[in-house]
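For reference, the structure discussed in these notes is given below.
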Amino acid sequence: GESVGLHLPTLSVQEGDNSIINCAYSNSASDYFIWYKQESGKGPQFIIDIRSNMDKRQGQRVTVLLNKTVKHLSLQIAATQPGDSAVYFCAERGLNTDKLIFGTGTRLQVFP
Amino acid sequence: GAGVSQSPSNKVTEKGKDVELRCDPISGHTALYWYRQSLGQGLEFLIYFQGNSAPDKSGLPSDRFSAERTGGSVSTLTIQRTQQEDSAVYLCASSLKISGLGTGELFFGEGSRLTVL
């Protein structure tokens with residue numbers, strides 16, 4: 001299938017290391033944020049979400065951090081595996097709207 | 001079906017022709033979104049439907065693009081007089097809207113890849 005994210009920022013990590021993917025969002029009034037993972041030729045898949053009344057949320061091997069002061073969101077992946085290789089997108093939802101706006105994405109490459 | 005279904009998965013057309021892309025959302029999901037993803041780019045919002053409310057069409061790039069959602073379920077995205085710059089993957093997603101919390105996780109289909117020659 002078509003490769004997604006040929007010209008996107010790329011983060012290369014070694015298998016077993018931790019990965020941190022960063023995202024700057026634009027709307028200070030956004031109240032909900034999501035991280036998606038997109039493998040080549042597939043639709044995006046939900047990873048984890050966080051509401052604006054939280055600073056941190058943990059899932060299985062993933063943690064999302066939200067810094068509203070500087071409008072910054074990060075996704076931390078612990079013990080990165082080859083199957084984590086994909087393009088990762090953050091998305092924000094503004095207050096009083098259901099429209100999700102996506103960031104440009106970051107390609108994560110995991111080397112053995 | 002269990003997930004969001006889109007058809008066709010691939011469409012090659014000639015410049016100037018009209019195309020229709022179909023999305024069948026997850027049963028019971030009241031919210032439906034269309035996004036466009038060009039090669040090497042992020043997801044560009046096109047249009048959003050929620051129940052019987054008027055759709056949010058703020059992302060449609062030109063009047064050649066239109067979408068409708070019949071019976072609150074299946075949606076069709078129509079592109080008239082296609083141009084080469086319309087070539088992209090068109091992604092549909094659906095979601096539940098929870099009162100007081102808004103829509104949550106979007107469930108995406110695999111996309112329809114459109115190539116305009």
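What to note about this one:
- DSSP beta bridges in chain A [antiparallel fraction, %, rounded to 5]: 85 percent
- On the beta carbon distance between B:Ser38 and A:Ser74, with R0 = 22 Å, the FRET formula returns roughly 0.30.
- Three-way shape label, the protein assembly as shown, alpha-carbon gyration tensor, a/c 1.5: oblate
- Taking B:Thr82, B:Thr13, B:Thr70 in turn, the Gaussian network model of chain B (Cα-Cα springs below 10 Å) assigns the largest fluctuation to B:Thr70.
- Gain on full stretching of the segment that runs from B:Ser7 to B:Leu117 - 0.36 nm per residue minus C-alpha separation: 37.7 nm
- Straight-line cross-link partners of B:Lys97 among the lysines, defined as a Cα under 20 Å from its Cα and at least 8 positions apart when in the same chain: A:Lys99, B:Lys57.
- Residue of B:Val89, B:Val12, B:Val74 that the Gaussian network model of chain B assigns the largest fluctuation, springs spanning Cα pairs under 10 Å: B:Val12
- Fully extended contour minus Cα-Cα distance, from B:Thr78 to B:Leu96, at 0.36 nm per residue: 4.1 nm
- Buried solvent-accessible surface, both chains (B, A), 1.4 Å probe, Å² to nearest 100: 2000 Å²
- Comparing B:Ser73, B:Ser53, B:Ser87 in a Gaussian network model of chain B where C-alpha atoms under 10 Å apart are linked, the largest mean-square fluctuation is found at B:Ser53.
- Each residue, B:Ala54 and B:Glu20, gets one label point 7 Å from its Cα in the Cβ direction; the gap between the two is 2.6 nm.
- Residue-normalised accessible area of the range B:15-96, expressed per residue, 1.4 Å probe, Å²: 44 Å²
The values are calculated or read from the model by the stated rules, or taken from the named source; none is laboratory data. A quick note: this is a predicted structure, and the numbers were derived from the prediction, not measured. FYI the Cβ positions are ideal-geometry reconstructions off the backbone, even for glycines, and counts take in every protein chain you see. These area figures cover heavy atoms from the full protein model, side chains too; ligands, DNA and RNA do not enter into them. Shrake-Rupley method; radii C 1.70, N 1.55, O 1.52, S 1.80 Å.
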